[in-house]
Amino acid sequence: MENNETNTPVHRPFCQTYFHGTRADLKIGDLIETGKHSNYGQRSKAAYIYLTATLDAAVWGAELALGEVRQRIYLVEPMGPIENDPNLTDKKFPGNPTMSYRSKHPFKVVGEITVWQGHSPEQVSAMKGGLLKLKGEGVEAIED
């Protein structure tokens, strides 16, 4: 969105869509911010928040989030600069094919994807097993 002279938002027709997968129960207009307990790893206070431009990566985010409440995928708008997620781009997927990013700036919830297809139980189990193996090797999923 851009602002015109009357300070009224002007929507651009080809803005990038970003997703955030989680178990948090949020409403349109809510802000996702750093400094809150993460849904991942040690559940420490998050120095960064994460978003992706692919629905598949957001599905993984929702499926891997800790907790017992419903998995959710939100459409979000970054309120400041974003950068490549080094947990994926530098270590696993050079060039950022997952289109995964992080920021220290808030994301505004602008919608929710209510119908989406999750991964198979076998895929989720394999991913969680891989993350447990990394944790055993001292590699934490979230990097500050």
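Pick from V59, V76, V124: which is β-branched (V, I, T), modelled with pLDDT under 90 and either assigned to a helix (DSSP H, G or I) or touching a Leu at 6+ places or on another chain (Cβ under 7 Å) (or both)?
Numbers: V59 fails: modelled with pLDDT under 90; V76 fails: modelled with pLDDT under 90.
Sole residue among the options that is β-branched (V, I, T), modelled with pLDDT under 90 and either assigned to a helix (DSSP H, G or I) or touching a Leu at 6+ places or on another chain (Cβ under 7 Å) (or both): V124.
E68 fulfils the conditions (1) surrounded by 10 or more Cβ atoms within 10 Å (Cβ to Cβ); (2) modelled with pLDDT of 70 or more; (3) among the acidic types (D, E) except for a single criterion, (1).
The values are calculated or read from the model by the stated rules, or taken from the named source; none is laboratory data. Here the structure is a predicted model, which is why all the values come from computation and not from measurement. With ideal geometry, Cβ positions are generated from the backbone for all residues, glycine too; neighbour counts draw on all protein chains shown.
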